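Encoded as structure tokens, the structure appears first; notes follow it.
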Amino acid sequence: MGFPSMVVSSLLVIVSVAWVANGDSLVPALIIFGDSVVDVGNNNNLNTLIKADFPPYGRDFVNHLPTGRFSNGKIAIDFTAEDLGFPSYPPAYLSQEARDNNRILTGANFASAASGYYDGTAQLYAAIPLTQQLTYYREFQARVVDTVGRARANDLFASAIHLLSAGSSDFIQNYYISPLLNRAYTPDQFSDNLIRSYSTFIQNLYGLGVRRIGVTTLPPTGCLPAAITLFGAGSNECITRLNQDAILFNSKLNSTSQSLVNRFPDLKLVVFDIYQPLLDMITRPAENGFFESRRACCGTGTVETSMLCNARSVGTCSNATAYVFWDGFHPTESANRILAGNLLAQGISLIS
């Protein structure tokens, strides 16, 4: 994280702390869509193998218990919720906690691990497709209207921050391993399909009165420990072609987002770059306070994720703070803290 970003992030945190002291959050609600990077437990309630509701997941979380988060502790959006002044985290929409209409007035999380822009990805793993997440969001809106009335609800939808994280599963857990897809589409063509789904999703949110949206780029997918193991042919280096695919997708994400803003002038749409901050941690770990950036903490640190990262995974590290990655795909709490600082610095327009 560069020095200017650190300064801006620190200033925003100070402002946030001052705001919280008055008992207010910077925005009325925080809404989350997407994949395993932001799932806080929706998959716990599904008949899917892609879950994180067992140890050692959550071992460094507040209560040291697994919640469904794919990390040893907090994920980036947890820090974002804290920075925005919320006293609690948006609950997983399928959880018992979210059944309380008053509880969801400050937000809800619709994300599902193994979901993506391409509905076929979620269907492959029995996760919640983005189209179904949108259906749940419409249901959420109806519940808010019933609770506080149409006028106040419309203000909440327009002022709330809506965050979207997707795309990694589409490539890593589907396109690269599916002969049907990678023979039918080039990476360029496949990313075009994903971008069309993204554009439709944003326009649907806009049609529902949403006006503040943040979307994350793809990370350097070629540097994920699992990707290196699966596609690196024995190398321990980042896979250039995968990173190039991510860069191409991110370029399209930026240009499409700009087109949407041009089309809807009252839409605040911010593309959060997580590619470069994560790449910096991976390529210069010591400068970012880490010891290990190639191997993950869990087990052998290569492909373990979800059920492969379990309490019997031999070799799991004792101190995750020294690691960039917790499992083969997901950052540790320490890395998530840095990523969240970058999100806060990049997203100032969403709270102004």
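When each of A345, A311, A296 is tested for being aliphatic (A, V, I, L, M), part of a loop (DSSP other than H, G, I, E, B) and in contact with a helix residue (DSSP H, G or I) (Cβ under 6 Å, 6 or more places away or on another chain), the lone residue that passes is A296. Every residue in region 185-242 that is surrounded by fewer than 18 Cβ atoms within 10 Å (Cβ to Cβ), closer than 21 Å to F329 by Cβ, among the hydroxyl-bearing types (S, T, Y) and modelled with pLDDT of 95 or more, please. Scanning region 185-242 gives a single hit, T240. I'd like to know if region 284-305 contains one or more residues that are more than 22 Å from I195 (Cα to Cα) and under 18 Å from the mean Cα position of the chain (by Cα). For region 284-305, residues more than 22 Å from I195 (Cα to Cα) and under 18 Å from the mean Cα position of the chain (by Cα): present. The helices (runs of 4 or more DSSP H) located wholly in region 181-286 that include 2 or more residues which are more than 24 Å from Q346 (Cβ to Cβ) occupy 187-207, 225-231, 240-263.
Of all positions in region 141-161, at least one carries a residue that is out of contact with any helix residue (DSSP H, G or I) (no Cβ under 7 Å at 6 or more places or on another chain), under 25 Å from S257 (Cβ atoms), surrounded by 18 or more Cβ atoms within 10 Å (Cβ to Cβ) and not β-branched (V, I, T). Filtering region 306-327 to residues that are of a type outside the set (A, V, I, L, M), under 21 Å from the mean Cα position of the chain (by Cα), more than 19 Å from A114 (Cα to Cα) and surrounded by 20 or more Cβ atoms within 10 Å (Cβ to Cβ) leaves only Y323.
When T67, T80 are screened for being modelled with pLDDT of 95 or more, hydroxyl-bearing (S, T, Y) and not in a loop (DSSP other than H, G, I, E, B), only T80 passes.
A quick yes/no check of all residues on (1) touching a helix residue (DSSP H, G or I) at 6+ places or on another chain (Cβ under 9 Å); (2) surrounded by fewer than 19 Cβ atoms within 10 Å (Cβ to Cβ); (3) on the phi > 0 side of the Ramachandran plot:
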| residue | (1), (2), (3) |
| --- | --- |
| A29 | yes, no, no |
| K51 | yes, no, no |
| P55 | no, yes, no |
| N63 | no, yes, no |
| G68 | yes, no, yes |
| I77 | yes, no, no |
| P87 | yes, yes, no |
| A92 | yes, no, no |
| N102 | yes, yes, no |
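Of all residues in region 178-203, those satisfying the criterion of being over 29 Å from Y137 (Cα atoms) and among the hydroxyl-bearing types (S, T, Y) are S178, Y185, T186.
Restricted to region 335-352, and to residues there that are of a type outside the set (A, V, I, L, M, F, W, C) and surrounded by fewer than 23 Cβ atoms within 10 Å (Cβ to Cβ), the residue that is modelled with the highest pLDDT is R337.
Pairing each residue of region 19-34 that is among the charged types (D, E, K, R) with any residue that is buried (at least 19 other Cβ atoms within 10 Å of the Cβ) and at pLDDT 90 or above, provided the two are 6+ apart or on different chains, yields C-beta distances under 8 Å for D24/G85. From the list R196, R183, R212, the one residue that fits, being basic (K, R) and within 27 Å of N336 (Cα to Cα), is R212. Could you list, in sequence order, the residues of region 78-107 that are in contact with a strand residue (DSSP E or B) (Cβ under 6 Å, 6 or more places away or on another chain) and under 23 Å from D273 (Cα atoms)? Listed by number, the residues that qualify are A81, P90. Of the residues making up region 104-132, those that are β-branched (V, I, T) and surrounded by 17 or more Cβ atoms within 10 Å (Cβ to Cβ) are I104, T106, T121, I128.
The values are calculated or read from the model by the stated rules, or taken from the named source; none is laboratory data. Predicted model only: the values in this text are computed from it and were never measured. All Cβ positions, even for glycine, are placed from backbone atoms using ideal geometry, and neighbour counts span all protein chains on display.
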